[in-house]
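Each remark here refers to the structure printed beneath this line.
The values are calculated or read from the model by the stated rules, or taken from the named source; none is laboratory data. Just so you know, these numbers come straight off a predicted model, no measurement behind them. Note: ideal-geometry Cβ built from the backbone for every residue, glycine included; neighbour counts use all protein chains shown. Note: accessible area is taken over every heavy atom of the protein model, side chains too, but ligands, DNA and RNA are not part of it. Shrake-Rupley method; radii C 1.70, N 1.55, O 1.52, S 1.80 Å.
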Amino acid sequence: MIVKMTTITLTVNNENRTIVAPPMKRLLDVLREDLHLTGTKEGCGEGECGSCSVRMNDELVNSCLVPVLQAEGAEIQTVEGLALDGELHPLQEAFLENGGAQCGICTPGMLMAAAQLLAHSPHPSEAEIREGLAGNLCRCTGFVRIFESVAAAARAAESEPAKEPVMEQTHHAR
Ligand code: FES
Ligand code: FES
């Protein structure tokens, strides 16, 4: 079978990237295989678990459900784009300090969901944190420590005005 390839340009973690891939290749696989950004994890592969969450044009998406063609020209942020100048993002610090990660499979997706939440609700209520992370499953932590980690990161950002690295806020809503 001849697989038709297409050239796609996109921005990943603020870098312009060009790849040649089948147009229906999953964004998840392009990130991991073509761009070697293996922080984004595959869980279910069916849009159910959120492990593969990335931010795309300021929306949270399940990268296992996005054909790379759909990402043409898009601005993508993966977990590798959170740390800035070698320093962990406040969310990463908070997950470390509050036991928000155990086996770590869900963690990149949780972090991206939390980053998306805090980008739009810097001071989220507990209900907003639960809602913001509702599409992400964790089998290890029982969720409470994850929610506490996100709340702690929000508090930390409040006391220390954050360096907001990553994604230009061009779109709204989810
Ligand atoms: S791997 Fe994409 S939602 Fe589970
Ligand atoms: S830390 Fe293991 S699935 Fe969440």
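Just the residues that are within 16 Å of ligand 1 (Cβ to nearest atom) and of a type in the set (Phe, Trp, Tyr), please, taken from region 95-114.
none
Can you list residue pairs whose Cβ atoms sit under 8 Å apart, with the first residue in region 30-46 being free of Cβ contacts under 8 Å to residues at least 60 places away in the same chain and closer than 17 Å to ASN13 by Cβ and the second being of a type in the set (Val, Ile, Thr) and assigned to a helix (DSSP H, G or I)? Count only pairs 6 or more apart in sequence or on different chains.
Pairs found: VAL30/VAL68.
Of all the residues that make up region 136-161, how many are surrounded by 15 or more Cβ atoms within 10 Å (Cβ to Cβ), modelled with pLDDT under 95 and of a type in the set (Ser, Thr, Tyr)?
Of the residues in region 136-161, 1 are surrounded by 15 or more Cβ atoms within 10 Å (Cβ to Cβ), modelled with pLDDT under 95 and of a type in the set (Ser, Thr, Tyr).
Look at region 115-141 and say how many of its residues are in contact (Cβ under 8 Å) with a residue 40 or more places away in the chain, more than 16 Å from ligand 1 (Cβ to nearest atom) and not in a loop (DSSP other than H, G, I, E, B).
3
So, in region 94-121, exactly how many residues are farther than 13 Å from ARG145 by Cα and open to solvent by 70 Å² or more (accessible area, probe 1.4 Å)?
3
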